[in-house]
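Shown next, in structure tokens, is the structure this report addresses.
The values are calculated or read from the model by the stated rules, or taken from the named source; none is laboratory data. Just so we're clear, the structure is a prediction, and the values are computed from it rather than from any experiment. Don't worry about glycine lacking a Cβ; one is built from the backbone with ideal geometry, like all the others, and counts go over all protein chains shown. When the accessible area is computed, the model is the full protein with side chains, heavy atoms only, and any ligands, DNA or RNA have been set aside. Shrake-Rupley method; radii C 1.70, N 1.55, O 1.52, S 1.80 Å.
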Amino acid sequence: MMAHELKARGEMDPRWQWKLEHIFETEEAFEATMEEAKKDIEEMKKWQGRVHEDPRRAIRDSFNGSLKIERLMAYASMHKDEDSGDPVRQARAAKVQTLIVAASSASAFLDPELLALPDEKLQEMINDPDFSDYSEMLRGLIRQKPHTLPAEQEALLAAAGDVMRAPNEIFGMFNNVDVPFPEVTMEDGTKAKLTHGNYGPLIRSKNREIRKEAFEAMMGAYKNFSSTLTAMYAGSVKGDCFRAKVRHYDSARQASLYPHEIPETVYDNLLAEVDAALPALNEYMEIRKAQLGVDELHLYDLYVPMINDYDMKMSFPEAFDLVCEGLKPLGEEYIAKLKEGYEGGWIDVYENKSKRSGAYSWGCYGVHPYVLLNHTDDLGGAMTLAHELGHAMHSYHSDKAQCYAKAGYSLFVAEVASTCNEVLLMRHLMEKHKDDKKAAAFLCNQLLEEFRTTVFRQTMFAAFEKEAHEMHEKGEALTAQSLSQVYYALNEKYYGGCVVDQLIDCEWMRIPHFYRNFYVYQYATGFSAAVAIANRILKEGENAVKDYKKFLSAGGSVPPIEALRYAGVDMEKPDAVRDALQVFADTVKQMKELVK
């Protein structure tokens with residue numbers, strides 16, 4: 001076997017694999033629920049034209065069916081993510097996706113028929129304490145009234161769901177299974193095939209030739225398919241704009257933000273505040289250039305630690321212990337639940353052949369959350385673990401406190417709990433190593449990289465998404481050349497102190513989040529909110545933790561902007577982003593002193 005070749009799923013140690021049998025114990029249980037869901041869909045169809053007879057029961061039936069489908073989707077999708085190349089797993093996930101489209105189409109009449117009821121009837125249901133589980137759903141429905149189509153058109157749009165999701169599905173298969181990566185040089189001098197999992201360590205290599213080779217191999221692999229990948233992404237953008245237009249929104253961005261009650265000014269404030277902070281980013285680039293001792297700072301030099309002869313290597317168990325140490329301010333109950341997840345099959349730890357790249361937390365109501373990792377034995381791996389466990393604990397608290405109809409939280413707050421964990425862990429490490437100048441500089445570097453990749457980089461992504469969608473809305477062609485020019489220009493703007501390597505112009509082609517339109521900006525706003533919350537927890541202790549857990553438990557019971565106010569943060573003002581960026585600027589100054 002070639003060195004570094006990934007093991008097949010069945011060759012991995014099961015101790016470090018999640019236990020999806022907590023969702024369905026057997027394949028027979030999964031198939032039985034599939035049959036139940038199909039019957040629910042047929043029963044739901046019988047409500048068409050009759051919702052006014054018993055709207056409460058129609059709503060309950062709809063949510064009961066959704067709960068089953070959510071469980072099916074979580075199980076099938078996570079099972080496929082274990083080994084995306086397995087045709088059996090692919091077929092199961094595709095079967096559930098077809099069921100989702102059928103369910104969506106079968107219930108498409110529900111919202112229009114509910115909105116056809118007299119306003120006083122809807123308000124009566126909202127105010128009914130015996131129907132309080134569905135009050136937020138109804139309030140949101142009324143708010144969506146101008147953007148809800150007649151029943152026939154809603155059914156047509158729902159039936160087109162599979163087609164509309166095609167760009168995302170095609171990109172996912174290409175990215176996780178089919179993209180032909182070349183061989184590259186590993187740290188020990190051997191040759192091995194580049195993968196999503198080993199790219200991270202390679203681009204952080206202290207050997208500049210190794211990271212340059214990895215960078216060019218990764219970007220070149222996507223550039224070789226630039227026409228195909230552009231067609232995929234252009235199809236996704238056109239779908240976003242089409243849905244926005246038919247639902248009477250002014251833009252695709254408004255269509256994405258409005259349902260979550262996020263003012264577009266939040267997005268614009270982020271772009272403006274980050275633009276204003278670019279001088280501090282360039283100052284950081286100057287420190288990096290000096291520390292690396294290079295005449296020119298290239299984009300493949302941005303990820304390598306600046307502090308030589310210092311690293312924090314740790315196994316997965318050691319990383320978990322460190323995370324628990326850093327999150328002690330959140331209380332014993334929080335830590336006990338993390339340990340339950342560690343021992344109880346919540347986490348899928350290591351990369352295997354055809355496993356989905358990256359990391360995420362997912363699950364379904366009524367079952368504990370799950371975490372997928374492709375763990376690396378370094379501080380980055382520990383920070384990713386802390387991040388995903390933050391997502392998991394957010395879902396755990398939300399599901400525990402709220403009914404199914406109110407448990408799901410908005411994407412806008414989805415990155416807050418995860419990033420708060422990262423900030424708390426980093427603050428713990430900086431305090432722990434404050435008397436060790438080299439360790440302190442290493443950790444400052446880590447914190448600056450968190451800011452660069454989570455605030456600056458994700459905001460740059462957000463600017464790219466905004467421009468790409470606006471291009472289509474103005475009737476401009478989305479070509480490999482035009483999109484790459486936009487992306488290259490943004491890199492020049494953000495990294496003016498660097499040599500902006502030409503190959504970076506196709507990096508946008510490998511970003512999965514672009515197929516989930518106007519999502520990435522929330523990493524930056526979430527990071528900013530998390531900095532504010534972590535600061536409050538460390539300063540005020542128990543009262544701040546109590547408020548934070550109220551936020552974690554809010555789910556979708558209130559609008560996301562309001563949920564953040566529970567934790568003491570107002571994202572309608574630019575203050576949280578501005579204050580977070582000031583922490584970045586202060587850390588740059590601290591770094592400059594440490595490396596003198």
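What to note about this one:
- Gained length - Ala29 relative to Glu343, 0.36 nm times residue gap less alpha-carbon distance: 110.6 nm
- Taking the chain and dividing mean pair separation by its residue count, relative contact order in percent (alpha carbons under 8 Å, at least six apart): 18
- The trypsin sites (Lys or Arg not before Pro) of the range 14-122 that DSSP puts in a loop, and whose beta carbon has at most 15 other beta carbons within 10 Å, are Lys19, Lys46, Arg50.
- FRET efficiency for the Ala160 to Gln502 pair, using the beta carbon distance and R₀ = 60 Å, is estimated at 0.95.
- For the chain, convex hull of alpha carbons as volume per residue, Å³: 148
- Carbon plus sulfur fraction of accessible area for the chain, probe 1.4 Å, in percent: 50
- Estimated distance in nm for a label pair at Lys245 and Arg143, the labels positioned 7 Å out from Cα along Cα-to-Cβ: 2.7
- Sites excluded, GluC sites (Glu not before Pro) in DSSP loops with at most 13 other C-beta within 10 Å, longest stretch of the chain: 297-475
- Anisotropy class of the range 501-596 from Cα gyration tensor, a/c 1.5 cut: oblate
- FRET efficiency estimate (nearest 0.05) - Cβ-Cβ, Arg208 to Lys474, R0 45 angstrom: 0.60
- Linear extension gain, Ala290 paired with Thr98, 0.36 nm per residue minus alpha-carbon span: 63.6 nm
- Each of Thr148, Gly496, Met186 was placed along the dipole of the chain (beta-carbon charges, centred on the mean Cα), and the one lying farthest toward the positive end is Gly496.
- Computed from Cα positions, the angle between helix 521-540 and the longest principal axis of the chain comes to roughly 80 degrees.
- Distance violations [Cα-Cα > 26 Å] among Lys193/Lys355; Lys339/Lys432; Lys339/Lys438: Lys339/Lys438
- The stretch between Glu42 and Lys353 holds 108.0 nm of extra length on full extension. This uses 0.36 nm per residue minus the Cα-Cα distance.
- Once the 1.4 Å probe is applied to the protein heavy atoms, the chain comes out at 42 Å² accessible per residue.
- Value at 222 nm in deg cm²/dmol, rounded to 500, when DSSP H runs of n ≥ 4 in the chain each add -39,500 (n - 2.57): -19500 deg cm²/dmol
- If R0 is 51 Å, the Cβ-Cβ spacing of Ala336 and Asp268 corresponds to a FRET efficiency of close to 0.75.
- Cross-link partners of Lys434 among lysines, defined as those whose alpha carbon lies under 17 angstrom from its own and excluding same-chain residues fewer than eight positions apart: Lys589, Lys592, Lys596.
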